[in-house]
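Here is the structure we will look at, set down as C-alpha cells.
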Amino acid sequence: MLTTLVYRDNKFAAHNPPAETLAALRTEPGVMLWVDLSAPTDDEIKLVLEQVFAVHPLVIEDCVVDSPLPKLEDYDDYLYFVMHAVDYSKTDKFSTTELDFILGKSFLVTFHRLPLKPVQAVLDRSLRSPLVPVRGPDRFAHTILDYMVEAYNPALDELREDLESIEGAVLQYESADSLFPRVVGLRKELATLRQIVRPQREVATLLGSGKTRLIRAVMVPYLRDLSEDLARIESQAGSWADQLILTFRIYLNKSSHEANEGIRVLTALTALTIPPLVIGGWFGMNFSRMGELSPAFAYPLVGAITIASTLAMLLFLRHKRWL
C-alpha cells in the first residue's frame, strides 16, 4: 500500500496524490514528500524507488530482502538506514519487523513488509493536525523512531513483573522444578532484548553524532536522546539479568542452608544415642563373669548412668548450638 503526504513550504498540501504526479512533486521547489510503502507491490516498488527517487539498486535489494541487523549507509543525496520495530507478547515473546528509511533533503521514504504501529501513529497524527508546520523529513524520521523506542515500554513492564514474580517465589521457597524453568526463560528473554537493542543503539548513536549531512543540527539532540533511551533499555536488561542470577543464587544458598540444618539436626540426634548404645552394648555382652551385673542395684545404676550421660550429651550439643 502506498501512502503519501505532501508538504509545500512546510505546510500540509495533499494526502495521497495520484501516483503519476510524484515525479513532478519530487522536483518541485519547496515541496517535501513522505512516502510510506507498506507491504508494497512490485509495481509500487519500481515506481517509488526506481523511477521517482532513483534509489541505488543495492538499497532496493536491501529493502526487499530483510536485513537481520540495523545498518546505516550514506549516499550522495540521501541517507539509508535500517531499524527494527519490536513487539512483545507472553506467547510469542519478542518479534521484530524491519523498517527501512531513505532520508533525503526534501523527502522521506519508509519501507516495511508488515503494518507498523509507530508508522501508522505518525501518519494519523500528521493527518489529524494538518496545520502544524513540518520543518524537514528528519523530523518525521525522528518521530517514528521515538514511537519505536516507546514500544519497548510494554515489554519492559512485562519483564519487570516476571522478575518480581520470581523474586516472590524465591521468598515463598517455591520448588526448584517450577522455579528453574522460569529463571531460564526470563534470562533468555532479557538476552534477546539486549541483542535487539544493542545494534539499534549503535545506529541511533551514529544518527545523533552530527556527522551526517542530511540530519539538521536542530535534530541532533533529539536523536542523541533516542540513543540514550536505547542505552538505558540495554543497561536495564543487563541489570535485571544480573539481579535474576543473584536471586536464584540466594534461592540455592537458602536451599543449601536448610539442607545443612536438617543434616545437623539428624547428626545431633544420632549423637544423643551414643551413650545408650555404648552402655547397652557393654552390658549386653554374654560373658560368664561380669562383676557389674552382680550387685542388686546394678540395673538402676546403669539406668541412671545412661540417663545422665544422655543429658550431658544434650547439654553439650545445646552449648555448641548444634541442636
Condition first: modelled with pLDDT of 85 or more and open to solvent by 60 Å² or more (accessible area, probe 1.4 Å). Can you find one or more residues in the stretch 30-37 that meet it? no
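Among residues belonging to the stretch 165-202 that are acidic (Asp, Glu) and at pLDDT 80 or above, point out the one that is surrounded by the fewest Cβ atoms within 10 Å (Cβ to Cβ). Walk me through how you get there before you give the answer.
Step one: of the stretch 165-202, the residues acidic (Asp, Glu) are 167, 174, 177, 189, 202.
In the following step, the residues that additionally are at pLDDT 80 or above were identified as 189, 202.
Working: Glu189: 20, Glu202: 16.
Of everything passing the filter in the stretch 165-202, Glu202 is surrounded by the fewest Cβ atoms within 10 Å (Cβ to Cβ).
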Output the number of residues of the stretch 57-79 satisfying the condition of being open to solvent by 20 Å² or more (accessible area, probe 1.4 Å) and under 11 Å from Ile102 (Cα atoms). 6
Would you point out the residue of the stretch 143-164, among those that are open to solvent by less than 60 Å² (accessible area, probe 1.4 Å), touching a Pro at 6+ places or on another chain (Cβ under 7 Å) and within 17 Å of Ile233 (Cβ to Cβ), that is modelled with the lowest pLDDT? Ala151
Pair list, Cβ under 7 Å, 6 or more apart: the stretch 200-225 residue at negative phi, other residue open to solvent by 60 Å² or more (accessible area, probe 1.4 Å): Gly208/Arg224; Thr212/Asp74; Leu214/Lys105; Met219/Arg139
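The values are calculated or read from the model by the stated rules, or taken from the named source; none is laboratory data. Remember, predicted model here, so these are calculated numbers, not experimental data. All Cβ positions, glycine included, derive from the backbone under ideal geometry; neighbour counts span all protein chains shown. Heads up: the accessible areas ignore ligands, DNA and RNA and are worked out on the full protein's heavy atoms, side chains in. Shrake-Rupley method; radii C 1.70, N 1.55, O 1.52, S 1.80 Å.
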